[in-house]
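Here is the structure we will look at, set down as structure tokens.
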Amino acid sequence: MFDTGTLVPIAFFLSVSFILVGITKVISDGRTRRRLIEAGASPELARAIVAAPKDDPGLYSALRWGILTGAVGLALILIQFLPYRSDEPIVFGVILVFAAAGFLGYYVSVRRLVRSKERGGAV
């Protein structure tokens, strides 16, 4: 089902999409910052408006993708030892269950990190 003839174009499309979104965000933030400075706002204010908030859970995106990638990797390792072929539906189910467990693990860990920050603890 997923051979190189299918995966390569999908991976290429996703890579180009993420690159375009990143470049667009950088250009948009730069224009916004420049317009704010031209309007008379201080550079510090322009930086504060464009920058991500410090308490934003989105700042933990590396943690999210690390946990998710590790969970899916464990699922792929587990599938190698199961007596099923790679094109059977149970294989995709196992991968999805591990991915869901990775997202739940991310949610729990971010909640703990945010709560410890709110209490004044070190992260």
Taking the stated definitions as given, is Phe13 at pLDDT 90 or above and within 30 Å of Arg119 (Cβ to Cβ)?
no
Report whether or not Thr24 is in contact with a helix residue (DSSP H, G or I) (Cβ under 8 Å, 6 or more places away or on another chain), farther than 30 Å from Ser116 by Cβ and not assigned by TED's automatic domain parsing to the domain that holds Ser116.
no
Taking Ala46, is it surrounded by 11 or more Cβ atoms within 10 Å (Cβ to Cβ) and modelled with pLDDT of 85 or more?
no
Restricting to the range 74-118, name every residue that is free of Cβ contacts under 8 Å to residues at least 12 places away in the same chain and under 18 Å from the mean Cα position of the chain (by Cα).
Leu96, Ala100, Leu104, Tyr107, Val108, Arg111
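The values are calculated or read from the model by the stated rules, or taken from the named source; none is laboratory data. Fair warning: this is a prediction, and the values are worked out from it, not measured in the lab. Please note: Cβ atoms are built from the backbone with ideal geometry, for glycine as well, and neighbour counts cover all protein chains shown.
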